[in-house]
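What follows is a short report on a single structure.
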């Protein structure tokens with residue numbers, strides 16, 4: 001596993017991991033201890049819920065730590081007139097005859113419903129490096145593709161507002 005992440009991605013993930021490890025996990029451990037005292041564990045819903053919350057916290061910490069450890073730090077080195085990471089891009093979809101604004105982000109920040117597409121997605125791969133006026137094909141599957149045109153690029157930067165998923 002080798003993840004391409006920005007410095008900002010890693011910082012956000014490290015902060016979340018530290019918060020989970022130092023604040024949330026100790027609270028979850030205390031809750032498990034407290035609910036264990038309620039009696040028969042086979043019928044103790046509060047204990048089961050507390051254990052599930054503790055395990056979810058531990059899983060998230062392991063995930064974040066693995067992502068940080070295996071990360072390769074990337075920087076956006078595209079020219080001023082090219083699509084790069086975190087730029088807002090207005091696209092014209094020929095088949096649908098409609099415009100859509102998207103931003104290409106790292107895989108841990110993508111949320112297509114919010115217009116943030118992964119740089120590893122077919123659209124993200126095809127879009128990076130394009131210029132205003134470029135028309136290109138996006139191969140969604142081996143048997144289906146569509147054409148898109150770049151209408152406008154607004155240069156952006158990673159402000160840390162997109163959550164880590």
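The values are calculated or read from the model by the stated rules, or taken from the named source; none is laboratory data. Everything quoted here is computed from the prediction, not taken from an experiment. Please note: Cβ atoms are built from the backbone with ideal geometry, for glycine as well, and neighbour counts cover all protein chains shown.
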Cβ pairs under 7 Å, 6+ apart or interchain, first in the stretch 57-68 and in contact (Cβ under 8 Å) with a residue 40 or more places away in the chain and not assigned by TED's automatic domain parsing to the domain that holds residue 31, second part of a helix (DSSP H, G or I) and loosely packed, with under 12 Cβ neighbours inside 10 Å, ordered by first then second residue, are none
Unmet criterion (only one of (1) within 26 Å of residue 151 (Cβ to Cβ); (2) loosely packed, with under 15 Cβ neighbours inside 10 Å) for residue 52: (1)
Give me the residue from the stretch 115-144 that is without any contact (Cβ under 8 Å) to a residue 12 or more places away in the chain and surrounded by 13 or more Cβ atoms within 10 Å (Cβ to Cβ) and, out of that set, farthest from residue 64 (Cα to Cα). 125
Looking at the stretch 1-58 only, could you name the residues that are under 30 Å from residue 119 (Cβ atoms) and not in a helix (DSSP H, G or I)? 1, 2, 3, 4, 5, 6
The one condition residue 78 fails out of (1) in a helix (DSSP H, G or I); (2) closer than 29 Å to residue 105 by Cα; (3) more than 19 Å from the chain's Cα centre (by Cα) is (1)
Every residue in the stretch 85-114 that is without any contact (Cβ under 8 Å) to a residue 60 or more places away in the chain and closer than 25 Å to residue 8 by Cα, please. 101, 102, 103, 104, 105, 110, 111, 112, 113, 114
Take the stretch 145-165 and flag every residue that is part of a loop (DSSP other than H, G, I, E, B), surrounded by 14 or more Cβ atoms within 10 Å (Cβ to Cβ) and more than 12 Å from the chain's Cα centre (by Cα). 155, 156, 158
Can you find a residue that is closer than 30 Å to residue 22 by Cβ and at pLDDT below 95 anywhere in the stretch 87-94? no
Residue tally, condition within 17 Å of residue 103 (Cβ to Cβ), touching a helix residue (DSSP H, G or I) at 6+ places or on another chain (Cβ under 7 Å) and at pLDDT 90 or above, over the stretch 137-165: 1
Within the stretch 93-105, identify whether any single residue is assigned to a loop (DSSP other than H, G, I, E, B), within 21 Å of the chain's Cα centre (by Cα) and surrounded by 14 or more Cβ atoms within 10 Å (Cβ to Cβ), and answer yes or no. no
With the structure loaded, tell me whether residue 41 is out of contact with any strand residue (DSSP E or B) (no Cβ under 7 Å at 6 or more places or on another chain), surrounded by 14 or more Cβ atoms within 10 Å (Cβ to Cβ) and either modelled with pLDDT under 95 or under 30 Å from residue 128 (Cβ atoms) (or both) or whether it fails that test. no
